[in-house]
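Written out below as structure tokens is the structure these notes cover.
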Amino acid sequence: MTRKPTDSDGEPAENNSLESQKKRSSSGRLGAGSRRSFLKASAGAGAFLLAGSSLAAGQELADETCESFGEITVGDGNFLLVNNDWGATADDFEMCSWLAEDGSYGYHWETRTTAGGEPNYPQVLLGTKPWGDDSGADSFPIQRGNVDELILDIDVDLDVSGGEWNLAEEWWLMEQPPSQETETHTHEIMLVLDWSDDHGHGGAIEDNAWTDQFGNTIDYWTVYNEGGGTDAAFHIFRVSGGLTTGQIDLTEIMDYLTQNVGISEDLWVSGIEVGSEYWQGTQGDVTYNTLDVTVNGTTYTSGSDGSGTPPGDGENGDNGDNGDDDDGDTGDDDSPGDDDDNLNAVMNESTTSASAGDRITFAVEDTTGAGTWIDSLEWDFGDGTTASGWWNEHTYDSAGTYTVALAATDNEGTTTTHEVEITVS
């Protein structure tokens, strides 16, 4: 559950906010006398371990923080790794967040000895929280009705034991974007990806509510209209059987809430986060090999299997392969003469070789330059079918070779066309 830290009277604890923490500790990094730094220095060029930390042999540490609400920029510079310990302070036991040189990142905590109902929640953030903490990702905030595609691609290693915990993805729906008015969220949505036997919310409201395009069966676990640790309606879903590696279609959760709960499409999605809630008696080590988020064709990448580099070496909104088929085709089979540098947008297709009736997905990569942006996107699938938008799917009824054309018009009125041939057998 994501809540703004409060003091003993339930009022916002401004001295615990990320901004206040940054003022109190400008770097958030461990001092030379810290245990992790000491072990690293002792290990020299070899491996070092922190009470079970999953840093591999020969792996170098790029950054770290053990400060309350300390933060590290990860991935392509659009994510913030937050050492969120609002359930129990760092004075009670050690909890550290870290970034490795290969781009992987995570957090480790010793056994939490402090009791209380509030979990700690180390997490990685993309976008903005309702109270204003912001990672700087351009795609957020965005109105719910404008979200055509929202896909999470994860590969997370968990070594957690001893009590109640979960691994969860979460986001918020707001009446106004945070830049206009903070804390206007009316709904908070959590998708629990993995959890311990001790973690539960009773019987599900709807088991097997749907199965998404990637084969994940989603349960609508519960909703807290009050008493769930937030003033907003708090909807909790879960992936049946758990999931720590794979893709998840978050758009389908939005569609479910719109259709079954009547949530307005005029609300704003401020951002999303993925993290680990944990309570007393739990110790753990969590490593993010991949955490990628695709929003309307723009993929934000992080982890050793994503950008593969620490922050500062990538472009904002770096576009990956959108987690498509094993073919790995992402628009490389362009028509002769295509020059991606001169195009407003290029398509990333799931495959260029399919059978009749197969579903092929198409996403857009924005390649406009500084000062320009895309105003419209029009598709021609080469079989008489057309469409518009940042993401589409298509099936061909008969064998043949089809030329798919994506016409992208920018704000200056310039239109470019990217073409890809699809062979259907």
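The values are calculated or read from the model by the stated rules, or taken from the named source; none is laboratory data. Because the structure is predicted, anything quoted here is derived from the model rather than measured. Heads up, the Cβs are rebuilt from the backbone with ideal geometry, glycines too, and the neighbour counts pull from every protein chain shown.
Restricted to the range 381-409, and to residues there that are aliphatic (A, V, I, L, M) and in contact (Cβ under 8 Å) with a residue 12 or more places away in the chain, the residue that is surrounded by the fewest Cβ atoms within 10 Å (Cβ to Cβ) is Ala399.
Residues considered: Asp85, Asp133. Of these, the only one that is charged (D, E, K, R), over 25 Å from Thr244 (Cβ atoms) and assigned by TED's automatic domain parsing to the domain that holds Gln213 is Asp133. Hey, does the range 99-122 have a residue that's of a type outside the set (Val, Ile, Thr), under 17 Å from the mean Cα position of the chain (by Cα), closer than 25 Å to Trp373 by Cα and part of a loop (DSSP other than H, G, I, E, B)? No, because not a single residue in the range 99-122 is of a type outside the set (Val, Ile, Thr), under 17 Å from the mean Cα position of the chain (by Cα), closer than 25 Å to Trp373 by Cα and part of a loop (DSSP other than H, G, I, E, B).
Of a type in the set (A, V, I, L, M) and within 28 Å of Gln283 (Cβ to Cβ): is that true of Val160 in this structure? In short, yes. When we screen Glu365, Glu378 for residues that are of a type in the set (Asp, Glu), in a strand (DSSP E or B) and under 14 Å from Val404 (Cα atoms), the only hit is Glu378.
Just one of Thr245, Thr251, Thr290 is loosely packed, with under 15 Cβ neighbours inside 10 Å and in contact (Cβ under 8 Å) with a residue 40 or more places away in the chain; which is it? Being loosely packed, with under 15 Cβ neighbours inside 10 Å and in contact (Cβ under 8 Å) with a residue 40 or more places away in the chain holds for just one of Thr245, Thr251, Thr290, which is Thr245. Here Ala137 meets the list (1) among the aliphatic types (A, V, I, L, M); (2) surrounded by fewer than 24 Cβ atoms within 10 Å (Cβ to Cβ); (3) part of a loop (DSSP other than H, G, I, E, B) almost entirely, failing just condition (2). Within the range 252-276, the set of residues being of a type outside the set (Phe, Trp, Tyr), within 18 Å of the chain's Cα centre (by Cα) and closer than 15 Å to Asn146 by Cβ comprises Met254, Val269, Ser270, Gly271.
Within the range 156-173, does at least one residue satisfy the condition of being touching a residue at least 40 places away in the same chain (Cβ under 8 Å), hydroxyl-bearing (Ser, Thr, Tyr), out of contact with any His (no Cβ under 8 Å at 6 or more places or on another chain) and surrounded by 20 or more Cβ atoms within 10 Å (Cβ to Cβ)? Looking through the range 156-173, none of the residues is touching a residue at least 40 places away in the same chain (Cβ under 8 Å), hydroxyl-bearing (Ser, Thr, Tyr), out of contact with any His (no Cβ under 8 Å at 6 or more places or on another chain) and surrounded by 20 or more Cβ atoms within 10 Å (Cβ to Cβ). The numbered conditions (1) out of contact with any Lys or Arg (no Cβ under 7 Å at 6 or more places or on another chain); (2) under 26 Å from Gln283 (Cα atoms) are all true for Val192 except (1).
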